[in-house]
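Okay, structure first, notes after.
The values are calculated or read from the model by the stated rules, or taken from the named source; none is laboratory data. Note that the structure is predicted; figures quoted are calculated from it, not measured. All Cβ positions, glycine included, derive from the backbone under ideal geometry; neighbour counts span all protein chains shown. The accessibility values were calculated without ligands, DNA or RNA, using every heavy atom of the protein model including side chains. Shrake-Rupley method; radii C 1.70, N 1.55, O 1.52, S 1.80 Å.
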Amino acid sequence: MTSGNAKWAGGKLSVGGFVSDANKAKFDALSKAPGGPAMGTVEVASSELADTCDKDFSKILGRSQIRFKTGSAELTDKNTKVLDKLAKVAKRCPGTFVIEGHTDNVGDAAANKKLSTDRAKAVSAALEAAEVAKPRLRAKGFGDAKPIADNAEKAGQAKNRRIEIHIAR
């Protein structure tokens with residue numbers, strides 16, 4: 001497994017996580033093997049598929065940034081298409097999704113951290129409303145801790161105000 005978890009409970013081993021395409025069939029067979037190991041649930045997904053899903057999220061968000069009302073976590077009406085595209089990817093992809101909120105460094109750091117968290121939660125709620133199961137969504141705010149551009153420039157600040165979505169591994 002490239003990442004995942006295992007749990008022993010009630011005399012059974014349960015595993016979940018990501019494996020290469022070449023090993024997925026082996027894990028799937030574990031839960032069906034008569035007289036084999038005492039297996040509980042086996043929930044593994046292709047790590048290659050997860051990589052593709054991460055790239056798809058990045059491609060969508062690279063083309064269309066999610067917009068919020070200024071200084072707020074309220075989504076604007078212009079987000080319908082991008083949120084629909086993100087929900088389609090989430091529905092076909094495995095695992096749990098981490099929705100990350102990021103801000104520029106203008107203003108109070110604590111307020112920016114809260115704003116980034118609230119914005120990530122707003123996107124999570126929008127994906128849930130689009131029928132992505134709530135247990136598969138985790139919202140996390142980073143404030144200005146992970147800039148991708150120079151905050152000294154207005155253009156850099158705009159790039160730093162963003163949402164990212166990744167598959168949790």
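Worth a mention:
- Arg161 accessible area, 1.4 Å probe, all protein chains in place, Å² to nearest 10: 90
- For Ile148, Ile66, the ranking by accessible surface with the largest value first comes to Ile148, Ile66, using a 1.4 Å probe.
- When the residues Asp54, Asp84 are ordered by accessible surface, computed with a 1.4 Å probe over the protein chains alone, the sequence from largest down reads Asp84, Asp54.
- Beta bridge orientation in the chain: antiparallel %, DSSP, nearest 5: 55
- Angle between the chain longest axis and helix 80-92 axis [Cα atoms, degrees, rounded to 10]: 20
- Accessible area (Å², 1.4 Å probe, nearest 10) - Asp104: 10
- Charge dipole of segment 36-169 about the Cα centre (unit charges at C-beta), most positive-ward option of Ser58, Ala125, Thr76: Thr76
- Percent RCO, i.e. relative contact order, over the chain, from Cα pairs under 8 Å lying at least 6 residues apart: 22
- Apolar share of the accessible surface for segment 64-128: 51 percent from carbon plus sulfur atoms, 1.4 Å probe.
- Dipole magnitude of the chain about its Cα centre (Cβ charges: Lys, Arg +1; Asp, Glu -1), debye to nearest 20: 240
- Based on protein heavy atoms only, the chain ends up with 57 Å² per residue of surface accessible to a 1.4 Å probe.
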